[in-house]
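Here's the structure we're looking at; comments come further down.
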Amino acid sequence: MRKTLLLIFLFFTSNIFAQTFDGNWSGEYVTPDDSFVANSTGDRVISVGAFENNSFVALMRNPGSKNYYIAGYRNTNHDSGILGNYAYSPDSLQTKWISGFDQAFLKNAKDLSTSGSFIYVANNDDDHNILMFEIKDDSIYTHPQRLKTKSANDLWAIDVDNSNNVFVTAGGDSNSAGSVLVYNSTSWKANGKPVAPLQEIVPPDNGSLRGVTVNDDGTLLYVSNWLSKKVYCYTGNTTEGYTIYNSFTFDVNIDYDTEEGTTPIIEVGPWGLQYMNSKNILFVCHDADFGRGNKYNYGRIYVTNPNTGEILDTVNVAEWNFAQSGKYNNPDSLGTASGYTSVFNVDYDD
C-alpha cells in the first residue's frame with residue numbers, strides 16, 4: 001500500500017481475557033498519497049510500528065530506486081505529524097545505520113518492530129543485520145547496537161518481547177521450512193559481531209514465514225506461513241525452547257477472486273501478525289503477494305482467538321476503502337480512504 005493506513009479499533013468486552021468479540025471497527029484517518037500534503041511520502045509502506053498514541057514509524061520502499069527508509073510520525077492525523085521533510089517518492093533516500101566508522105544501509109527490509117522508543121529492523125544486506133534505531137522528538141537516530149546474523153537466508157519478520165528477546169524469521173520457500181531465530185539484544189555490540197541464537201524454531205511445513213509475534217514475556221509465539229496458509233502457535237521460553245501447540249488452528253486456505261467466475265484467481269495467505277496482550281487477541285494480516293491490479297481488492301485483517309485460531313471478526317480494509325470512495329485504489333477522497341489496500345503488517349497503540 002502506498003500510504004500508511006492507521007485504524008483505531010474500538011473494543012467492548014466484559015472481561016479482559018474473554019474470547020468473544022462484539023466491537024465496532026471504524027477508519028479514523030489515512031495519511032494521504034498526495035504530493036501537495038506534507039504527511040505523504042508517495043512510497044509503499046511495508047511495515048509499521050507504534051510507540052505512543054497516534055505515533056508510529058513506517059518502513060518505506062521506493063519502487064523506482066528500490067531504496068528503503070524509515071519515516072517517523074508523532075501526534076498524527078491525515079495531514080500532519082510526519083517528522084522531517086520528505087520529497088514525494090524520493091529516489092535518493094535510503095536510511096543508513098551508522099556508528100563511528102561502521103555503517104549499513106537498509107536493503108530489502110520487509111519488517112520492523114518497536115519496543116518503547118527503539119526500532120528493530122530485519123535487514124537483508126550482506127551480513128543480514130538486525131539493525132537498531134531510536135525514535136526521538138524530531139527524527140529517527142541510529143542506536144549503536146546491531147547484530148550480524150550471517151544468515152544464509154533472507155530475514156523477513158521480526159518482533160521483540162519485554163526482555164529484549166528478538167524473534168526473527170529466516171528463509172523458507174516451497175522446498176524448505178525456514179526457521180525462527182531468537183536472540184537477546186542486551187548482548188549485542190556496536191560492531192555487530194555474530195552470536196549464536198538462543199533458540200531456532202523450525203515449523204512443520206515448507207513455506208514462506210512472513211509474520212512473527214510474541215506476548216510480553218516471550219512465552220507465547222505465533223508464526224505465519226504464507227505458502228502453507230497456516231499460522232502456528234508455540235509455547236515455551238528462550239531458555240528451554242518452544243513446543244508447537246496443536247490445539248491452535250488457523251488454516252484459511254482460499255483463493256480469492258473479485259468476481260465469481262473471472263480469472264486469474266488471486267492467491268492469498270497470512271502475512272504480518274500482532275498479538276494484543278491487554279485483550280488477548282491475535283491479529284492476522286491476510287493478503288495477496290506483492291503486486292498490483294485485482295490484488296488490491298482483497299486486503300484484510302482477521303481478528304482471531306489466540307487460544308484456538310477461531311476467526312472472531314474481520315477488518316476488511318478493501319471493503320472499507322470501496323465504501324468510502326467507490327474504488328479499491330487511487331480514491332478521489334484523499335485523507336478518508338487509502339491509496340491502496342494491501343495490508344502486509346499491523347500494529348496498535350494504547
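In terms of accessible area, using a 1.4 Å probe and ignoring ligands and nucleic acids, ARG74, ARG146 rank largest first as ARG74, ARG146.
Annotation: per residue accessible area for the range 38-103 equals 43 Å², rounded to a whole number [probe 1.4 Å, protein chains only]. Element breakdown for the chain at a 1.4 angstrom probe: carbon and sulfur atoms account for 45% of the accessible area.
Ignoring lysines fewer than eight residues from LYS189 along the same chain, the ones with Cα atoms less than 22 angstrom from its Cα are LYS96, LYS107, LYS136, LYS148, LYS150. For the range 114-222, the solvent-accessible area with a 1.4 angstrom probe is 38 square angstrom per residue.
Per-peptide packing, taken as the mean over residues of other Cβ atoms within 10 Å, places 208-215, 314-321 in the sequence 208-215, 314-321 from highest down.
Could you order PHE250, PHE51 by accessible surface area, starting with the largest, using a probe radius of 1.4 Å?
Result, largest first: PHE51, PHE250.
Scalar couplings 3J(HN,Hα) for the range 312-322, obtained by applying the Karplus form with A = 6.51, B = -1.76, C = 1.60 to θ = phi - 60°, are 8, 6, 9, 8, 8, 5, 5, 5, 5, 4, 5 Hz; x denotes Gly and Pro. Phi-derived couplings, Karplus 6.51 cos²θ - 1.76 cosθ + 1.60 at θ = phi - 60°, listed residue by residue for the range 45-61: 9, 9, 8, 9, x, 8, 10, 8, 4, 6, 9, 7, 10, 10, 8, 10, 10 Hz, with x used for Gly and Pro. What is the extension gain from ALA190 to ALA323, computed as 0.36 nm multiplied by their sequence separation minus the C-alpha to C-alpha distance, in nm to one decimal? Contour length minus the Cα-Cα distance gives 43.0 nm. Count Lys and Arg as plus one, Asp and Glu as minus one, and take only other residues whose Cβ is under 13 Å from that of GLN199; the net charge is then -3.
Taking Cβ atoms as reference points and 13 Å as the exclusive limit, the residues near ARG74 contribute a net charge of -3, counting Lys and Arg as +1 and Asp and Glu as -1. Each Lys or Arg adds one and each Asp or Glu subtracts one; over the other residues with Cβ under 13 Å from the Cβ of GLY309, this totals 0. If the segment from LYS107 to ASP332 were pulled out straight at 0.36 nm per residue, it would be longer than the present Cα-Cα gap by 77.7 nm. Legend: translational diffusion of the range 186-278 by Stokes-Einstein, Rh = Kirkwood radius over C-alpha pairs, 10 °C, 1.306 mPa s; D = 102 µm²/s.
With contributions of -39500 (n - 2.57) from each DSSP H run of at least four residues, the per-residue ellipticity at 222 nm computed over the chain stands at -500 deg cm²/dmol. Using a probe of 1.4 Å, the accessible surface attributed to LYS148 totals some 50 Å² when neighbouring protein chains are kept in position. Pull out a ≥ b ≥ c, the square roots of the eigenvalues of the alpha-carbon gyration tensor of the chain, then state rounded if a/c is under 1.5, prolate if not and a/b is larger than b/c, and oblate in the remaining case. In terms of gyration-tensor shape, rounded. With every protein chain left in place, what is the accessible area of ASP79 in Å² (1.4 Å probe, nearest 10)? So the heavy atoms of ASP79 present about 70 Å² to solvent. Of the whole protein surface, MET60 contributes about 0 Å² of accessible area at a 1.4 Å probe radius.
By how many nm would the segment from VAL202 to VAL252 lengthen if fully extended, with 0.36 nm per residue of separation less the alpha-carbon distance? If you can, show how the numbers build up before the last one.
Numbers: separation 50, 0.36 × 50 = 18.00 nm, distance 2.08 nm.
Between VAL202 and VAL252, full extension yields an extra 15.9 nm.
The values are calculated or read from the model by the stated rules, or taken from the named source; none is laboratory data. From a predicted model like this one, the values you see are computed outputs, not experimental measurements. Cβ atoms come from the backbone with ideal geometry, glycine included; neighbour counts cover every protein chain shown. Surface areas here come from the heavy atoms of the whole protein model, side chains and all, with no ligands, DNA or RNA. Shrake-Rupley method; radii C 1.70, N 1.55, O 1.52, S 1.80 Å.
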